[in-house]
1. Distance from the Cα centre of the stretch 204-241 to that of the stretch 423-438, in angstrom?
2. Let me see the P(r) profile for the stretch 61-174: every Cα-Cα distance counted, bins of 10 Å, each bin given as a percent of all pairs.
3. Report ³J(HN,Hα) in whole Hz for each residue of the stretch 81-92, in order, from the Karplus equation J = 6.51 cos²θ - 1.76 cosθ + 1.60 where θ = phi - 60°; Gly and Pro get x.
4. Sequence-distant or interchain residues sharing an amide H contact under 5 Å with W365, placed H: which?
5. Specify, per residue and in Å³, the volume enclosed by the convex hull of the alpha carbon atoms belonging to the stretch 150-273.
6. Just how far, in whole angstrom, is the stretch 248-317 from the stretch 372-421 if you go by their alpha carbon centroids?
7. Rounded to whole Hz and in sequence order, give me ³J(HN,Hα) for the stretch 165-172 from the Karplus expression 6.51 cos²θ - 1.76 cosθ + 1.60, θ = phi - 60°, writing x for Gly and Pro.
8. Near the amide H of T228, under 5 Å away, which other amide H atoms are found, from residues 5 or more places off or on another chain, if H is placed in the peptide plane?
Amino acid sequence: MDPQSMGRGWPPLPLFLPFGGGGDTVKPAMDRMPVDGAAVPAGPPVEDPSTPFRLSQEARSLNRSLMRRLIAVTARPEIISFAGGLPAPELLPVEELSVCLARVLADDGPRALQYGPPLPALQEEIAAMMAGRGAGVSPEQVFITSGCQQGLQIAAHLLLDPDSAVVLDRFIFPGVRQAFGGWWRELREVPTDVTLGLDLEMLAAALTGPPRPRALVVVPAFHNPLGTTLAPAARQTVVELAGAAGVPIVEDDPYSGLQFAGPVPVPLVGLAPGQTLYLGSFSKLVAPALRLGWIIAPVALEEKLRVIKESFDLETSGLVQRAAAAFLRAGYLEPHLARVRVAYGQRLRCMTAALARHFPPGTRWSEPAGGMFLWVELPEGLDTLALLAPAIEAGVAYIPGAAFTGAGPTSAMRLNFSNATPESIETGVRILGGMLREQHSGATNRGG
Ligand SMILES: Cc1ncc(COP(=O)(O)O)c(C=O)c1O
């Protein structure tokens, strides 16, 4: 199959001049997700007459992702939310973080509140954590970021030109499209299997098709939205294929550490340190509001990473870095993760049992061994986008599959199982299941 045509749900687009010059053909990109959640074809962004400001083409082409919009809706206490990637609120380590913040302010207040360079103590703790995951890295290779999303932005700025091609999963966290996409880029999508993860044959074709991609983005563990984890042999193949094609890997790995069934395989950066930028985060492991993450990169790239990051936010909060280092040094992380893993494993089991009871026959779901998400594929003909508004009206939120792909509507949905209690999971799945069964029997009757 022609790798250039993979993942292209849309007809060819008109030619236009990028940045008013050059005369190159701009590749169709499929990273537009308007607020109603349906993907739209790429094309030159139009002027918005409602604003007195003349906006950049980039700003005009941006649309708020359905997912971010839903997070506001689902903050309403009456909603059972399976939508966001939110940790269980009752398990957030509030006490431990209070102790750490108080200690940092008492012992090192003025420096913690000042501008300052990355914190060596935190770099050392993260290097030790990476060793525990099977990737031996030196503290100098640890580059501190303000969350994994910033890691994605920095990686995109480091690796991509305006007309570059990027290889990624067909279904992927929208923040990856936001960081790597844009109407001027080619997002070359590879199909993903709900049980195995990336389709390796299609990946090989996508990596070698012209033009040579400038990055391969992989979410190897407890994938968002699919919940899949790449097995050790698949990881080895990914690394070999990318190495042979000369394509750097961006390993987006915020969920390792949340395993509740068996160990997580060695990260790609442990297999191919010279060709991988690894992105980690404390958002899911400790608390999203820390806005703290890291990149593992060859030391030679440190200077460039630093300049790019400085243009975004100068530096990551010294107070937060110190509090996180104190949290790790005090040994709070492992007991906290142990509690979280047990709870998330229970919630997943509770959700799959409820799905089996309440969802229409023919429904399939992924079997994550960790993380926060379950991918549910409904029988053909069911429309998860159309069901969303009535579901929210009935008090339950989820993310329709269309929010994760440029290829248009799907009959799939992503369910988060970490944020709701087991009782709410049962209630929410029962409500959703009732609505879906009704839609399903209507579709079946129409079909018959
Ligand atoms: C795959 C993936 N990458 C990156 C991020 C962003 O993480 P952070 O909160 O650390 O910015 C998320 C958040 O949900 C994610 O799911």
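Any read-out appearing in this document is the output of simple, stated calculations on the displayed coordinates, not a laboratory observation. Computed from a predicted structure; not experimentally measured. Heads up, the Cβs are rebuilt from the backbone with ideal geometry, glycines too, and the neighbour counts pull from every protein chain shown.
1. 34 Å
2. P(r) over the stretch 61-174, rounded to whole percents: 9, 23, 33, 28, 6, 0.
3. 9, 10, 8, x, x, 9, x, 5, x, 6, 9, 4
4. E377
5. Taking the convex hull of the Cα positions in the stretch 150-273, it is 99 Å³ per residue.
6. Answer, in whole Å: 28.
7. Per residue, the Karplus-derived 3J(HN,Hα) values read 9, 10, 9, 8, 5, 4, 9, 8 Hz.
8. H223
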